[in-house]
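Contents: one structure, followed by commentary.
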Amino acid sequence: MARVSQEHLDARRRQIMDGAALCFARNGFHATSMQDVLKEVDLSAGAVYRYFRGKDELIHAIVTEVLEDVRLAFEATGGQTPPPPPYELIGTVMAQMLRERPGLRVDGVSYFPRLLVQVWTETLRNDELSAVIQDGYGKVRAVWVTIVKGYQEAGTMRADADPDAVARTLIAAAQGFLAQQALFGETPVETLQIGLRGLMSMGEVS
């Protein structure tokens, strides 16, 4: 029997995760069954269960991956010295998150924001998932604290600003933008950038 390449295994795992994520984004975690996932990815139960033992394991893998991708994206974009201004940095990462998941696009519309809202809702009742997202949020916040300190060292932000408070606020802006996308339809990322830039200009008014 021919050996299956790692590339093939990775591609099949990606296919399953993308299909499951789309199902969860459309219908929520509780309304989605493993049969729905099998139908979406057009694979047998045996093929899917080779990678994931069930729905909970799929959810855990998807949420962990999303949070890690967000952390790495902010880390890479904000690793410059000095870091790009917040409106540029957040806009770049948001565009990347919406663009890099073709499996979550239907008729040109990204279901990624809807998936995140479903995840946030599920954490209110699922302690294990809540622990995963708490850990992921902590890592993203730590990246943002480092970025804010970079602004202060560069002299582009007041030295007495609380890095953790600023980090939480900037994360909230990104989360709020994604929630609006899920609830009210797609809005260009440039809208978020323009809004943040406008807020940042308040101290410039003479």
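The values are calculated or read from the model by the stated rules, or taken from the named source; none is laboratory data. Predicted model, so just to flag it, every value in this text is computed and none were measured. Reconstructed Cβ throughout: ideal geometry from the backbone, glycine too, with neighbour counts over all protein chains shown. The protein model used for the area step is the full one, side chains on, heavy atoms only, and it has no ligands, DNA or RNA in it. Shrake-Rupley method; radii C 1.70, N 1.55, O 1.52, S 1.80 Å.
Before moving on, here are some points about what is shown:
- Computed on the chain, the Cα convex hull volume stands at 137 Å³ per residue.
- Residue 129 sits among other residues whose Cβ lies under 9 Å from its own Cβ, and their net charge, with Lys and Arg +1 and Asp and Glu -1, is -3.
- With only the Cα atoms considered, segment 98-206 has a convex hull volume of 134 Å³ per residue.
- Longest exposed-site-free window of the chain, the sites being trypsin sites (Lys or Arg not before Pro) in a DSSP loop that have at most 16 other C-beta atoms within 10 Å: 54-124
- Structural size metrics of segment 1-81, computed from C-alpha coordinates, are Rg and Dmax of 15.1, 53 Å.
- Per residue, the accessible area of segment 1-117 comes to 52 Å² when a 1.4 Å probe rolls over the protein heavy atoms.
- Accessible area of the chain belonging to carbon and sulfur atoms, whole % at 1.4 Å probe: 53 percent
- Amide H contacts under 5 Å for residue 110, placed H, 5+ residues apart: none
- With viscosity 1.002 mPa s and temperature 20 °C, the Kirkwood radius over alpha carbon pairs of segment 17-63 converts through Stokes-Einstein to a diffusion coefficient of 207 µm²/s.
- In the chain, helical runs assigned H by DSSP with n ≥ 4 each contribute -39500 (n - 2.57); averaged across all residues and rounded to the nearest 500, the mean residue ellipticity at 222 nm is -23500 deg cm²/dmol.
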